[in-house]
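Shown next, in structure tokens, is the structure this report addresses.
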Amino acid sequence: MRLSFGRARQLADEGVLGLNKRNGDYILRFNARSRYPLVDDKLRTKQLALAANLAVPPLYGVIRTHHDIRLLPEIVRDHPQFVLKPAHGSGGDGIVVIAGRSGSRYRTISGALLDAGELAHYLSNAINGQFSLGGIQDVVIVEYMVKFSPVFESLSYQGVPDVRIIVFRGYPIMAMVRLPTRISGGKANLHQGAVGAGIDLSSGRTLDGVLGTEVITHHPDTTNPIAGVRVPAWDTILDIAARCYELTGLGYIGVDIVLDRDRGPLILELNARPGLAIQIANRQGLLRRLQICEQRADFDAPAAERVAFARREFAHPVRGAA
Amino acid sequence: MNKKHIYFLAAFLTVLSIGLFAYKAEVLGFPVRPQQQTEIWNIEAAVRFRPGPAAVKATLRIPSLTPGFSLLDENFISRGFGVTTSSSPAGREAQWSAREASGTQTMYYRAIVYRDPMRLAEDTTPPFPTPPELDEPSRVALEALIAEARRQSADVASFTIQLLRRINQGDQDPYVRVFLKHGESQADRAQLATIFLAGAQIPARVAHGVFLRSAPGAVQPESILEVHDGVQWLYFNPRTLQQGLPPDFFIWWRGEYPIAEVDGGHDLDVTLAVQGNLMPAMVVAERRAEAAGSHAVDFSLFALPIATQAVYSVLLMIPVGALVIVVLRNFVGVKTFGTFMPVLIALAFRETRLVWGIMLFAIIVSLGLLIRFYLEKLRLLLVPRLTCVLTVVVLLMVAVSVLSQKLGLQPGLSLALFPIVIIAMTIERMSIVWEERGASEAIQEGVGSLIVAALAYVVMGINWLEHLVFVFPELLLLVIVATLLAGRYTGYRLLELHRFKGVLPEVPR
């Protein structure tokens, strides 16, 4: 079924993927429900990635019960900087980044000071499922705080920019970098006001950005031009993204990768229902690339071949098919 | 294959749903519109007589085969008499009997009759009649009459009309004159015709009945000639020779018997009366289905107690409301708090009416939000905090109700039906969205929920739809069909057309 009036026709011609089609034709078809827990639980994702020898931020500890909350000072004794992350949090909800101490208090990345009581309250809420979908019991991961690479320093307001790559049955098909802004409160989430900038899969260079639905050429806070930044270790990033397919068996995922100054690209999390805003950031629809894959790709190829295919076929802008 | 499967299932459910609907609406006469009325007639026979000194028995012929009409209900009223009904050559009869009785007795037979086009004279083809036993001159006259009428006619109908015409000529007809001792009334003429027709080996009988009028009053029975042409019964008015059964003619009894007889009494007097009336179509349909032995009513919602029916009349509208949500979420792309929360809010609006509902909902949620933000500062654990918000919501509702009572505002009282748990969850969810994603997102989703709830309320409030779903719950299968098809809709949502416009190279104006 297809609506045939003006704008819909144009979007279809551009190969824009709508939510209904994403859900009906891709997520329901290629993402087995039984595998969702692998990505919905960030702790399991992390353990899987470690087992597959894929780089992730090192795990300091896990707070599973109210009893464990007391153990936090012990866990982070040797780590002045760390991140608290509810394992089932969605869309960056409930993540607290501690950038240092100030006496007995913890200092968050945005400069707020939390005493032990406030932190314990937060941990208890998180364990009770305040940040998880459906309010189920949760655990909190304590992990390494990413020291983000200077590449995007000129394009970020606090927070950690990350690279989102859509991987279709093992093939990276579209990428963007999410740049925190003042409005987004240092979070790399587009619906919270972060800037999304498309990345040319072939060269690893950034394209223009979007804020909401508006195309922008300069970062709203740092005022630096967004396009033309070369993402370092691009080959490694694509390789990690492609191998996440074997990790989960999910056919349509979003892989979030962060660039650490010392450790290089690290997998932050995987998403079995990745958003569609990446199309706006790239100013191109996903459908065309999905169809190129479905027509021409060999889905049994090893990761290196899949990355080569992606770099060859998906040089910006992609034409043909759709 | 997957898609074909869905289309097949959808087609099957549609046929099933529409088929059941059509059966109930067309055959059983379930009303398609609310407050639909069916025309009915109350018919009454009052039998009056003076009993003798000994046992007394009164017999009344009562309707049995009534082409074009059906009996909805009948009852017998008498004082001190036993009543039995039995079938007889004239149809059915009711017998009242008593060992002794004194003074003028009156018994009543009352029935409710409705028009039923499906009802025909369904009795079997009658056997050929035995030729009448006549003396020699009559026999000769009859044979000559039949021979002549046959010459001037083509079939049973025209033959009958020829005979009736001659009967109506009376004395002037040389053959008929022989038989005229029978009398002059319409019934006598019809009776004479049956003798002639019997001579010609054609089954015929006299039917007596009344014209059903809407104005109340006494009616005189009239007679009509029924002739069987080998396939079906034909009807003739013996006086006007008109063929066909008049649409308002209700056949009461048949044969040469009088309508009533009394044994052991005298001064028998029978009056027939008719009164037209209107009855809710549903009542008629129900009784009709009962009489027809159909289980459609046994298994319909009307078999439930009234209070339960009221609950289901609301529950049955929930799928319709949910369908509105499907359209708004999957085709338009409106964001709401929780999938079906707006349907529950819409249900609450049924009591408060729309404007008040929206106002009260906004008031309760905003006050709840304020309290929730305050509670956030107290750092309560999640479940106690939710319970606290819930309690606050209940107290707020009580406060608003009491306040509106003092101010004399009626709608504030109907607040109690607001789904408090849903509201508490909404407040919790909204406050988290507020903190995590910002006020604009929270308000956007809140307003989206209210708009969806309002639309669901309007659709669920369509009286005709409510009636339809209640009387024909099988129509909900169509909702399933709609969800099956909507579930495979992979086109753009309306709001996505706006959202993705940035992807287009340039937006044409």
Exercise for the section: Take each of the peptides A:255-264, B:127-136, average the number of other beta-carbon atoms within 10 Å over its residues, and list them starting from the highest. Expected result: A:255-264, B:127-136
Exercise for the section: Would you be so kind as to identify which of B:L60, B:Q35, B:P216 lies farthest towards the positive end of the dipole of chain B, taking Lys and Arg as +1 and Asp and Glu as -1 on Cβ and the Cα centre as origin? Expected result: B:Q35
Completion exercise
Here, A:A116 and B:E136, labelled 7 Å along Cα→Cβ, have an inter-label distance in nm of 14.0
Exercise for the section: For n ≥ 4 DSSP H runs only, could you compute -39500 (n - 2.57) per run for the protein assembly as shown, divide by its residues and tell me the 222 nm figure to the nearest 500? Expected result: -11500 deg cm²/dmol
Exercise for the section: Could you grab the relative contact order for chain B? Cα pairs under 8 Å, six or more apart, rounded to a whole percent. Expected result: 19
Problem - Length-normalised contact order of chain A in % [C-alpha pairs under 8 Å, at least 6 apart] - result: 20
Practice task
Show which aspartates and glutamates lie in cross-link reach of B:K501 when reach means a straight Cα distance below 17 angstrom and same-chain residues fewer than eight apart are skipped.
Solution key: A:D13, A:E14, A:D208, A:E214
Problem - Shielding by partners - mean other protein chain Cβ count within 10 Å, residues of B:164-171 - result: 0
Practice task
Could you order peptides A:238-244, B:164-170 by the average number of other Cβ atoms within 10 Å of their residues, highest first?
Solution key: A:238-244, B:164-170
Exercise for the section: At 0.36 nm per residue, minus the direct Cα-Cα distance, what do B:S86 and B:L370 gain on full extension? Give it in nm, one decimal, please. Expected result: 94.4 nm
Exercise for the section: Return the FRET efficiency for the residue pair B:F128, B:E256: r is the Cβ-Cβ distance, R0 is 25 Å, and the value is rounded to the nearest 0.05. Expected result: 0.85
Handout entry: Net charge, B:P31 excluded, C-beta distance under 14 Å - Lys, Arg +1, Asp, Glu -1
Key = 0
Problem - Shielding by partners - mean other protein chain Cβ count within 10 Å, residues of B:372-381 - result: 2
Problem - Straight-distance crosslink candidates among aspartates and glutamates, where the alpha carbon sits under 18 Å from B:K4 and sequence neighbours closer than 8 are dropped - result: A:D25
Completion exercise
Counting all Cα-Cα pairs in region A:58-144, those more than 15 Å apart amount in percent to 53
Handout entry: Cα-projected label distance for A:N23 with B:R33, points at 7 Å along beta-carbon direction, nm
Key = 3.9
Completion exercise
Subtracting the Cα-Cα distance of B:D155 and B:F211 from 0.36 nm times their residue separation yields 17.3 nm
Fill in the blank from the handout: The answer for the net charge of residues other than B:L344 whose Cβ lies under 15 angstrom from its Cβ, with Lys and Arg +1 and Asp and Glu -1, is +1
Fill in the blank from the handout: Descending packing, highest mean Cβ count within 10 Å first, for A:189-199, B:200-210 is A:189-199, B:200-210
Handout entry: Whole-number percent relative contact order across region B:318-460, with pairs defined as alpha carbons under 8 Å at least 6 apart
Key = 44
Fill in the blank from the handout: Result: in chain A the number of Lys pairs with C-alpha under 24 Å apart, spaced 8 or more or on different chains, is 9
Handout entry: Length released on extending from B:L407 to B:K501, taking residue separation times 0.36 nm less the Cα-Cα span
Key = 28.8 nm
Fill in the blank from the handout: So for R0 = 45 Å, FRET eff. of A:S202-A:S90 from the Cβ-Cβ r, to 0.05, ends up at 0.90
Practice task
Work out the P(r) tail for the protein assembly as shown: percent of alpha carbon pairs separated by more than 43 Å, whole number.
Solution key: 54
Handout entry: Heavy-atom SASA rank of B:Y7, A:Y171 (probe 1.4 Å, accessible area, largest first)
Key = B:Y7, A:Y171
Completion exercise
Largest-first semi-axes in Å of the equivalent ellipsoid built from the Cα gyration tensor of region A:166-217 are 22, 13, 9
Fill in the blank from the handout: Each label sits 7 Å from Cα toward the beta-carbon; between B:R79 and B:A303 the label points are separated, in nm, by 4.2
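The values are calculated or read from the model by the stated rules, or taken from the named source; none is laboratory data. Predicted model, so just to flag it, every value in this text is computed and none were measured. Methodologically, a virtual Cβ is constructed for each residue, glycine included, from the backbone with ideal geometry; neighbour enumeration extends over all protein chains shown. Surface accessibility is based on the protein's heavy atoms, side chains included, excluding ligands, DNA and RNA. Shrake-Rupley method; radii C 1.70, N 1.55, O 1.52, S 1.80 Å.
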